[in-house]
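Input: a single structure, listed below in structure tokens.
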Amino acid sequence: MSNRSSLGSKLIAAPYIVWAMLFIIAPLIFVVYYSFTNADGNFTLANMAELGKCAPTFLRSIGFGIVATLICLVIAFPLAYIISQKTDKVQRTLVMLVMLPMWMSFLIRTYSWMALLQDTGIINSFITKLGLDPVHMINTPGAVILGMVYNFLPYMIMPIYSVMAKLDYSMVEACQDLGGNRLTVIRKCIIPMSMPGVVSGITMVFVPSVSTFYISQKLGGGSFDLIGDVIERQFQQSYNYNLGAAISLVLMVLILICMAVMNRFTEDEEGMVI
């Protein structure tokens, strides 16, 4: 009986294993291979040696990603808490409204912000009608960060909300019974218990923010490069797959390090809560 169960489990897991090998493991092998070879397929470290030129772009990308992630966190945490306090029917409605922009194409959402932020766009047209001077918003770092926040905010809200909706509010009541005010309850009780959702949200926003390229191209106007722009240019324009793979590999390692640090932080927080 146990042998049949084992065989059945392997058969059920087989499609996932094949999928992982084709779309996860194989691409990683190709990235590593191209990173350490030249156009002739010979082993070389020249690609890694050229990465020093990309250091400012790496720093800029990480900086933009951190700022966008922090803004998303500041917006998402209270919003997720408010949603979690509503009735089930209202929660479903609010969650649907949060996810509603995700039903549209990523390209359409970004183009919409271009129409809003342009010098002759909707916002500046309204400002001009008020008798004020138009504000230059497009092709600036602020526009790029705004695009990141808008596109990735739901990825921060949903993990935090999913954790808050399942919190044991008897601990909150106990904190209140012990004399804790609203701020103390949030700081000492709700935030520590919500950390798994917070860390998941930070990871889900930071990773695409650091590696994005379309937002920076459309809302940044090519005024500055992010690391995603450099990678995309190596593959689509320069056709230097080896250097593009090397940059991708380093970016992937940096992201994995950040995720490991955040997971470690989550384990420490869970230990403190217990």
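Here region 146-168 is the region considered, the condition is being over 13 Å from the mean Cα position of the chain (by Cα) and part of a helix (DSSP H, G or I), and the residue that is surrounded by the most Cβ atoms within 10 Å (Cβ to Cβ) is Ile160.
Considering only residues that are assigned to a helix (DSSP H, G or I) and small (Gly, Ala, Ser), look in region 169-204 and name the one that is nearest to Phe106 (Cα to Cα). Among them, the one singled out is Gly201. Screening region 196-225 for residues that are more than 14 Å from the chain's Cα centre (by Cα) and surrounded by 24 or more Cβ atoms within 10 Å (Cβ to Cβ) and picking the one that is farthest from Leu256 (Cα to Cα) gives Leu219.
Quick grid of which residues meet (1) surrounded by 15 or more Cβ atoms within 10 Å (Cβ to Cβ); (2) at pLDDT below 95; (3) in a loop (DSSP other than H, G, I, E, B):
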| residue | (1), (2), (3) |
| --- | --- |
| Glu50 | no, yes, no |
| Lys53 | no, yes, no |
| Pro56 | no, yes, no |
| Leu59 | no, yes, no |
| Ala68 | yes, no, no |
| Tyr81 | yes, yes, no |
| Pro101 | yes, yes, no |
| Ile108 | no, yes, no |
| Tyr111 | no, yes, no |
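A Cβ distance below 7 Å, combined with a sequence gap of six or more or placement on separate chains, defines the contacts here; from region 161-178, residues that are of a type in the set (S, T, N, Q) reach residues that are surrounded by 13 or more Cβ atoms within 10 Å (Cβ to Cβ) in the pairs Ser162/Gly197; Gln176/Val185.
Among the residues of region 31-40, just one is in contact with a Phe, Trp or Tyr (Cβ under 9 Å, 6 or more places away or on another chain) and exposed (fewer than 15 other Cβ atoms within 10 Å of the Cβ), namely Ala39.
Of all residues in region 27-52, those that are farther than 18 Å from Leu251 by Cα have Cβ atoms under 6 Å from Cβ atoms of residues that are among the β-branched types (Val, Ile, Thr) and not in a strand (DSSP E or B), 6 or more apart or on another chain, in Asn38/Thr44.
The values are calculated or read from the model by the stated rules, or taken from the named source; none is laboratory data. Predicted model, so just to flag it, every value in this text is computed and none were measured. Cβ atoms come from the backbone with ideal geometry, glycine included; neighbour counts cover every protein chain shown.
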